[in-house]
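The values are calculated or read from the model by the stated rules, or taken from the named source; none is laboratory data. What you see is a predicted model, and the numbers here were worked out from it, not measured in a lab. Backbone-built Cβ (ideal geometry, glycine too); neighbour counts: all protein chains shown. The area values use the complete protein model at the heavy-atom level, side chains included, leaving out ligands, DNA and RNA. Shrake-Rupley method; radii C 1.70, N 1.55, O 1.52, S 1.80 Å.
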Amino acid sequence: MIQVDCPFCGKRNLTEFAYGGEAHIARPKDMAAISDAEFARYLFTRKNPKGAHQERWNHAMGCRRWFNAVRHTVTDQFWATYKVGETAPLPPDDWDGVLSKSEFEATTETEAK
């Protein structure tokens, strides 16, 4: 069972949440000045990485609030969740998404000793 840590409610089952797409999409400052191609790129073009990805999520069956998450797209392992407007807590480059954040940090601390 996958648990998601809602920044407002705490850990809940994944079935309570709805995926909202890529996070941190910057809206063009002057929509009237951009071309149709630029508007289409803003509207439809999204990253599709294999690995850590910053995403928007909605706690649809709970508080109904939006938040951001860093999730591994291959393993569905969540690294962290954070409120909209906060800086993304990015995982280290060697995180493969198999271990959770706490398991990964415990492993790296053990190896460092």
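For the chain, adding -39500 (n - 2.57) for each run of n ≥ 4 DSSP H residues and dividing by the number of residues yields -5500 deg cm²/dmol at 222 nm.
Could you tally the net charge around R56, taking each other residue with its Cβ under 12 Å from the Cβ of R56, Lys/Arg +1 and Asp/Glu -1? Result for the neighbourhood of R56: +2. The dipole here belongs to the chain: it is taken about the Cα centre, uses +1 on the Cβ of Lys and Arg and -1 on the Cβ of Asp and Glu, and is about 500 debye.
With contacts taken as Cα pairs under 8 Å at a separation of at least 6 residues, region 55-113 carries a relative contact order of 24 percent.
Considering only the Cα atoms of region 1-56, their convex hull presents on average a projected area of 5.6 nm².
Residues in the chain average 68 Å² of solvent-accessible surface per residue, probe 1.4 Å, ligands and nucleic acids excluded. Could you tell me the relative contact order of the chain? Use alpha-carbon pairs under 8 Å, at least six residues apart, and round to a whole percent. Normalised by residue count, the contact order of the chain is 21 percent. Mean projected area of the Cα convex hull of region 34-92, taken over all directions, amounts to 5.7 nm². Evaluating kT/(6 pi eta Rh) at 10 °C and 1.306 mPa s, with the Kirkwood radius of the chain over Cα pairs in the Stokes-Einstein relation, gives 101 µm² s⁻¹.
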